[in-house]
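Asks: Got a structure for you, written out below as structure tokens; questions coming shortly.
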2 protein chains.
Amino acid sequence: MEKTSVPKATLGRLPRYLRFLKELPQEKSSYISATAIAKSLALGEVQVRKDLSAVSGAGRPKVGYETVDLIKSLENVLGRGNLTFAVLVGAGKLGRALLEHDEFEDYGVKIVAAFDCNEHPIRLSSSKEILPMCQFEHFCKSRKIQIGIITVGEGSAQAVCDQMVQSGITAIWNFAPCKLEVPAGVLLKQERLALSLAYLNNQLYN
Amino acid sequence: MEKTSVPKATLGRLPRYLRFLKELPQEKSSYISATAIAKSLALGEVQVRKDLSAVSGAGRPKVGYETVDLIKSLENVLGRGNLTFAVLVGAGKLGRALLEHDEFEDYGVKIVAAFDCNEHPIRLSSSKEILPMCQFEHFCKSRKIQIGIITVGEGSAQAVCDQMVQSGITAIWNFAPCKLEVPAGVLLKQERLALSLAYLNNQLYN
């Protein structure tokens, strides 16, 4: 799978473009201009042009983009049709909320299982499972899991992180409020929910 | 309560400084230098100086900061001792996870109750309550709630947002994956969890 690195804000708008293009009536849909997309989605034309050029290069002058190609490019950048598999460790409230959050697949990521210290698998109503940690390494290696999500407490986050790396995971999304050490070549994204709220609170008084 | 607007990254480090200063043995604690703080917390000296100057101005040359004053400034910026009250609407898994997340109080915000479409109050093990929506406006007005957190689905987020504004809330943290309209003067922070994961996924292939 080839992907293009696009800015985060652009990435956030791509599912909207994709949904819009896929819903176009077929007879109208061979070419579409950035202007038409901008108008239909109530977005700025400059922004749309910039977003699309990050994904698919420039459209053809006076004609725009070939719709089929643009859909393909969007799907490619969003990783659709070729989902990246993720697992999650720590099946508390936050972990379960993420496990059942259905927006991730719009962005090409599917959380396929959660792990926790339960002895036996727990099947959730969503048909996803919470598996015991003893199955973690085998599961990740056999399914070539690439993304690991950490929703355990601060105290066990580094151990979980190490286990993820050892199991072949190359990108980690950490919700535990602590700094993690990862070897070179492993991507780490620290999520700090409290900070968003702190910042909002701080702005209230300015 | 007076607050100083500080950058988000700085804000994120303040609880660490505060914890460190409060744990200093009393006899050693009348003055402390940025150098000493940096060394103890394994942070860069330039960063510590920058952080502290955003909070408390410059320290005295060769002596540093008066510990008691610095603690007060940190507590002030973090809103401690004068917690801002928040409520949350939408007590699903994510809502309940946030309701019981204990890091928010480190940053001066306390989520005092959650609301949902239940008919009667539900008391949680944390002693917090999920209240019926019919009590929302009265609750917010009588307790002067300033922050509202939206963890309902896309379909009802705008209605909840409007109700928050009408109930006197002036800062909204929205987890629903949709754009909200707020009147001028109301702060809005859009949280897009899926985007962090999307970005991580996109980086995997570059």
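Asks: Looking at the stretch B:112-130 only, could you name the residues that are of a type outside the set (Ser, Thr, Tyr), away from chain A (no Cβ under 14 Å) and exposed (fewer than 15 other Cβ atoms within 10 Å of the Cβ)?
Replies: As a first pass, look at the stretch B:112-130 and keep what is of a type outside the set (Ser, Thr, Tyr): B:112-124, B:128-130.
Now restrict to residues that are away from chain A (no Cβ under 14 Å): B:113, B:115-123, B:129.
Passing the criteria: B:Cys117, B:Asn118, B:Glu119, B:His120, B:Pro121, B:Ile122, B:Arg123.
Asks: A follow-up question, please. Residues in the stretch A:120-131: is at least one in contact (Cβ under 8 Å) with a residue 40 or more places away in the chain, assigned to a strand (DSSP E or B) and among the hydrophobic types (A, V, I, L, M, F, W, C)? I'd like the intermediate steps shown before the answer.
Replies: Kept after step one, since they are in contact (Cβ under 8 Å) with a residue 40 or more places away in the chain, are these residues of the stretch A:120-131: none.
No, there is no match, as no residue in the stretch A:120-131 is in contact (Cβ under 8 Å) with a residue 40 or more places away in the chain, assigned to a strand (DSSP E or B) and among the hydrophobic types (A, V, I, L, M, F, W, C).
Asks: Collect the residues in the stretch B:9-46 that are touching a residue at least 24 places away in the same chain (Cβ under 8 Å), open to solvent by 70 Å² or more (accessible area, probe 1.4 Å) and under 22 Å from the mean Cα position of the chain (by Cα), keeping them in residue-number order.
Replies: Correct list: B:Arg16, B:Lys22.
For every residue, the table says whether it meets (1) within 19 Å of the chain's Cα centre (by Cα); (2) small (Gly, Ala, Ser).
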site	(1), (2)
A:Ala54	yes, yes
A:Ala58	no, yes
A:Asp69	no, no
A:Ser73	yes, yes
A:Glu100	yes, no
A:Val112	yes, no
A:Glu119	no, no
A:Ser127	no, yes
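Asks: If you don't mind, another one. Does the stretch B:131-156 hold any residues that are within 21 Å of the chain's Cα centre (by Cα) and open to solvent by less than 40 Å² (accessible area, probe 1.4 Å), and which are they?
Replies: B:Phe139, B:Cys140, B:Ile145, B:Ile147, B:Gly148, B:Ile149, B:Ile150, B:Thr151, B:Val152
Asks: May I pose another question? Identify all residues within the stretch A:69-111 that are on the phi < 0 side of the Ramachandran plot, open to solvent by less than 20 Å² (accessible area, probe 1.4 Å) and part of a loop (DSSP other than H, G, I, E, B); write none if there are none. Quick ask: steps written out before the conclusion?
Replies: Taking the stretch A:69-111 first, the residues on the phi < 0 side of the Ramachandran plot are A:69-78, A:80, A:82-89, A:91-107, A:109-111.
Going one step further and asking which of them are open to solvent by less than 20 Å² (accessible area, probe 1.4 Å), we end up with A:70, A:74, A:77-78, A:84, A:86-89, A:91, A:95, A:97-99, A:104, A:107, A:109, A:111.
Across the stretch A:69-111, the qualifying residue is only A:Ala91.
Asks: What are the residues in the stretch B:170-204 that are within 7 Å of chain A (Cβ to nearest Cβ), assigned to a loop (DSSP other than H, G, I, E, B) and touching a Gly at 6+ places or on another chain (Cβ under 8 Å), if any?
Replies: Across the stretch B:170-204, the qualifying residues are B:Thr170, B:Arg192.
The values are calculated or read from the model by the stated rules, or taken from the named source; none is laboratory data. What you see is a predicted model, and the numbers here were worked out from it, not measured in a lab. All Cβ positions, even for glycine, are placed from backbone atoms using ideal geometry, and neighbour counts span all protein chains on display. Only protein heavy atoms, including side chains, enter the accessible area calculation; ligands, DNA and RNA are left aside. Shrake-Rupley method; radii C 1.70, N 1.55, O 1.52, S 1.80 Å.
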